[in-house]
Amino acid sequence: MLRGRGADFSAALQALITFTNSSTWRERVLVESDFPLAGDMPAFLLLNQLIYRTTARPTDMADAIGTGRSNVSKIVRRLEAAGLVGRMPDPEDGRQSVIGLTAAGREAAERISAVNSAVYGPLFAAWSDEDFDRLESLVVRLVTSLDDRLDHAVERTAGVRLPRPAQVNHGS
């Protein structure tokens, strides 16, 4: 916790992270998005990761979704059987494979994104462009700074390429 400065920020950030990672929220999005593998939270989480990653090695998914590497293989097989993902050779290492979304997987991903947009969109509709741009800049700055401090662990775990400081508009 930040002492004497930002206690409200720390509590709010912790609340946001806890809520968005809660089983209550995840299950709500799974149901409202009509995820094809009803009740299969590990498959839902893996598909969510592919929304941001495009493709990924199955072994890279273990940390991202909080499971073991052998379990990821089982999850990928369920997603393949449902026609949501496919395997292809890894362009960086032909000895390995990567998984990516199929057309049906992209449709499921769009429904997941739509559920999130339906919640967050109205919240930000009342914000001025300046307020939203400032929030966006500060959040990107926060996450990029954390990623730099942790030797890019955020990028590796989340699978999101973060802009580096020269690319980030920090605003005034």
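See the values below:
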item: Checklist (1) surrounded by 11 or more Cβ atoms within 10 Å (Cβ to Cβ); (2) closer than 23 Å to Leu46 by Cα applied to Val140, failing item; result: (2)
item: Qualifying residue in segment 26-41 (condition: closer than 23 Å to Glu155 by Cα and touching a residue at least 24 places away in the same chain (Cβ under 8 Å)); result: no
item: Selected residue (criterion: modelled with the lowest pLDDT) from residues of segment 105-139 that are under 16 Å from Arg28 (Cβ atoms) and hydroxyl-bearing (Ser, Thr, Tyr); result: Tyr120
item: Residue list for segment 26-48, restricted to those being among the hydrophobic types (A, V, I, L, M, F, W, C) and not in a helix (DSSP H, G or I); result: Phe35, Leu37, Ala38
item: Some residue of segment 125-146 being more than 26 Å from Leu37 (Cα to Cα), of a type outside the set (Phe, Trp, Tyr) and touching a residue at least 40 places away in the same chain (Cβ under 8 Å); result: no
item: Any hit, segment 25-34, residues being of a type in the set (Phe, Trp, Tyr), outside the structural domain of Val160 (by TED's automatic domain parsing), under 19 Å from the mean Cα position of the chain (by Cα) and surrounded by 11 or more Cβ atoms within 10 Å (Cβ to Cβ); result: yes
item: Only one of Val154, Val98, Val115 that is β-branched (Val, Ile, Thr) and outside the structural domain of Leu30 (by TED's automatic domain parsing); result: Val154
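The values are calculated or read from the model by the stated rules, or taken from the named source; none is laboratory data. Please read all numbers here as calculations on a predicted model, not as lab measurements. Note that we place each Cβ from the backbone using ideal geometry, even for glycine, and neighbour counts take in every protein chain shown.
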